[in-house]
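The values are calculated or read from the model by the stated rules, or taken from the named source; none is laboratory data. Since this is a predicted model, take the numbers as computed values, not measurements. As a convention, Cβ positions derive from the backbone with ideal geometry for all residues, glycine included, and neighbour counts pool all protein chains shown. Only protein heavy atoms, including side chains, enter the accessible area calculation; ligands, DNA and RNA are left aside. Shrake-Rupley method; radii C 1.70, N 1.55, O 1.52, S 1.80 Å.
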Amino acid sequence: MTPGIKGHIERTVTPEVCADRIGSGLVQVFATPMMIALIEQTCLESVAPHLEEGQGTVGTLVNVSHCAASPVGMKVWCDSELVEVDRRRLVFSVKAYDECGLIGEGTHERFIIDSAKFQAKIDSKKL
């Protein structure tokens, strides 16, 4: 995998993804945790076609600002670019927008995993 892979996902803000509904605030605006979920999904999907059979990625670090609010009904989207590859570590530059402009930006880190081995390891934690 090499730097330069780009991703893009669009969504419309609905009441279900607002701060007052998910418990991250008291107002009806696109919630920060939902913006982060959009960022993670964009990065995940952008590199998925470049992985080997049985591989996946897991998010390990999110460092983003959420600098503007987006109301219900507004379109939001995330653009990502893979900017660094260090063996299994992938670093993305991310920007989130709504129809009025930039709403968030920063970096996101993911690691390439063997999905079956990873799941087995997690399952072994169960009592």
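Residues in the range 24-63 that are in contact with an Asp or Glu (Cβ under 8 Å, 6 or more places away or on another chain) and of a type in the set (Ser, Thr, Tyr) were compared, and the one that is least open to solvent (accessible area, probe 1.4 Å) is THR42. It is to be established whether one or more residues within the range 92-112 are open to solvent by 60 Å² or more (accessible area, probe 1.4 Å) and part of a loop (DSSP other than H, G, I, E, B). For the range 92-112, residues open to solvent by 60 Å² or more (accessible area, probe 1.4 Å) and part of a loop (DSSP other than H, G, I, E, B): present.
When ARG89 is tested against (1) out of contact with any Cys (no Cβ under 8 Å at 6 or more places or on another chain); (2) closer than 16 Å to GLY4 by Cα; (3) surrounded by 15 or more Cβ atoms within 10 Å (Cβ to Cβ), exactly one condition is not met: (3).
Could you grab me the full set of residues in the range 1-23 that are open to solvent by 60 Å² or more (accessible area, probe 1.4 Å), at negative phi, free of Cβ contacts under 8 Å to residues at least 24 places away in the same chain and not acidic (Asp, Glu)? Correct list: ARG21, ILE22.
Filtered by the rule that a residue be surrounded by 15 or more Cβ atoms within 10 Å (Cβ to Cβ) and small (Gly, Ala, Ser), the range 67-86 gives ALA68, ALA69, SER70, SER80.
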